[in-house]
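Before any comments, here is the structure.
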Amino acid sequence: MEILFFMDLSSFEEFLKSLQAHPLIHTEVSKNTYIPLDLSIHNKELDNVDVSSSKALEIYIWNHLKTNNAKVAFGGYLEHRGIYNRSDYFNTAKPEEERNIHLGLDLWVEAGTAVYAPLDGKVHSFKNNINYGDYGPTIILEHSIENKTFFTLYGHLSFESINNLEIGIDVKQGQQIATLGTADVNGDYAPHLHFQIIKDIQNYKGDYPGVSNQLDLGFYKTNCPDPNLLLTI
């Protein structure tokens, strides 16, 4: 059977919207308890938060949840963030090459929270990405639906999530695939899931850029569409 890859963004986006995805965290957590979170450079509240500190950012996020009587904070797609300034992994000598535009959707929730597969698929690859400010333990799933193939990435997981994992094993929709890691293993962030959709994985395994610079943003916007087209949060 021939596997087809999407040729243009609009057809891929329409396909994603047609799918019925399982929530990434437990269905008992109602979408009514999700609250948007702005971590962009335009959020003036962050002027008073040391975003280079995972602990300070975690306090800010949990206060945001408590104030809004919410359980999960979400957002971040194409958000221009200042948090990456702390790491040489994202910075270069040329400002135009600095990577600070977020390509996934984040779900900010407690460490240890279970993560579930939104769709049927198989394990494409996994890796512990240990650069400062990187994903930490990461899983990439490959999905082949209606003869079309694409990928989803899950970053900032626990070590246990990739222990004894095997490439190629089948994953069923709604199956638990991981748990969220703490700051000491997840790249030094407040606990959260980075979820990203990838049309063409290129030659990456266990990793894929989750943050872009302005120069490459056109490509990544096409290759990594808005995850909320699938999640419908």
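At most 12 other Cβ atoms within 10 Å and a DSSP loop assignment: could you name the GluC sites (Glu not before Pro) in the stretch 141-208 that fit? Can you show the working numbers first?
Numbers: sites: 142, 146, 160, 166; in loops: 146, 166.
Of the GluC sites (Glu not before Pro), the ones in loops of the stretch 141-208 whose Cβ has at most 12 other Cβ atoms within 10 Å are 146, 166.
Can you give the longest run of the chain that contains no chymotrypsin sites (Phe, Trp or Tyr not before Pro) sitting in a DSSP loop with at most 15 other Cβ atoms inside 10 Å?
Details: sites that count: 5, 89, 132.
Looking at the chain, 133-233 is the longest stretch - no exposed chymotrypsin sites (Phe, Trp or Tyr not before Pro) with at most 15 other Cβ atoms within 10 Å.
Hey, what number do you get for the chain at 222 nm if only DSSP H runs of n ≥ 4 count, each worth -39500 (n - 2.57), divided across all residues, to the nearest 500? Don't jump to the answer; show the numbers that get you there.
Numbers: 4 runs with 35 residues, N = 233.
Only helices count here, giving -4000 deg cm²/dmol.
Report the residues of the stretch 120-150 in range of a label on residue 203: point 7 Å along Cα→C-beta, backbone N strictly under 14 Å from it.
Hits in the stretch 120-150 for residue 203 at 14 Å: none.
Leaving out same-chain residues fewer than 8 places away, which aspartates and glutamates sit with a Cα under 12 Å from that of residue 122?
Straight-line reach from residue 122, under 12 Å: 142, 166, 170.
I'd like the FRET efficiency for residue 26 and residue 56, computed as 1/(1 + (r/R0)^6) with the beta carbon distance as r and R0 of 35 Å, rounded to 0.05.
Numbers: r = 28 Å, r/R0 = 0.80.
Calculated value: 0.80.
How large is the Kirkwood hydrodynamic radius of the stretch 156-200, counting all unique pairs of alpha carbons, in Å? Don't skip to the answer; put the middle values down first.
Numbers: mean 1/r = 0.0830 Å⁻¹.
Evaluated on the stretch 156-200, it is 12.0 Å.
Just need the relative contact order of the chain here, percent rounded to a whole number, with Cα pairs under 8 Å and 6+ apart. Before the final figure, lay out each step's value.
Values: 521 pairs, mean separation 58.3, N = 233.
The value is 25 percent.
Give the cross-link partners of residue 44 among the lysines, using a straight C-alpha distance below 20 Å as the criterion and excluding same-chain residues fewer than 8 apart.
55, 66
Which of these, 67, 182, 222, has the largest mean-square fluctuation under a Gaussian network model of the chain (Cα springs below 10 Å)?
67
Mind checking the angle between helix 9-18 and the chain's longest principal axis? C-alpha axes, 0 to 90 degrees, to the nearest 10.
Around 80 degrees separate the two axes.
Per 0.36 nm of contour for each residue apart, how much would the distance between residue 47 and residue 164 grow if the chain were fully extended, relative to their Cα-Cα spacing?
Working: separation 117, 0.36 × 117 = 42.12 nm, distance 4.22 nm.
Length gained, residue 47 through residue 164: 37.9 nm.
Sorted from largest down, give the three principal axis spans of the alpha carbons of the chain, whole angstrom values.
Dimensions of the chain along the principal axes of its Cα atoms: 56, 43, 34 Å.
Place a label point 7 angstrom from the Cα of residue 148 along the Cα-to-Cβ direction, then list the residues of the stretch 195-233 whose backbone nitrogen is under 20 Å away.
Taking a point 7 Å out along Cα→Cβ of residue 148, the residues of the stretch 195-233 whose backbone N falls under 20 Å are 196-202, 219-233.
Can you give me the % of accessible surface on the chain that is carbon or sulfur? Probe 1.4 Å, all protein chains present, nothing else counted. List each step's numbers first, then the result.
Numbers: 5450 of 11160 Å².
Whole-percent figure for carbon plus sulfur exposure: 49.
What does the net charge come to around residue 33 if you take all other residues with beta carbon closer than 14 Å to its beta carbon, with K and R at +1 and D and E at -1? Could you put the intermediate results ahead of the total?
Numbers: positive: 31, 66, 71; negative: 28, 110.
Summing Lys and Arg as +1 and Asp and Glu as -1 gives +1.
The values are calculated or read from the model by the stated rules, or taken from the named source; none is laboratory data. From a predicted model like this one, the values you see are computed outputs, not experimental measurements. Ideal geometry is used to build each Cβ from the backbone, glycine not excepted, and the neighbour counts take in all protein chains shown. Protein only, heavy atoms only, side chains kept; ligands, DNA and RNA dropped before computing areas. Shrake-Rupley method; radii C 1.70, N 1.55, O 1.52, S 1.80 Å.
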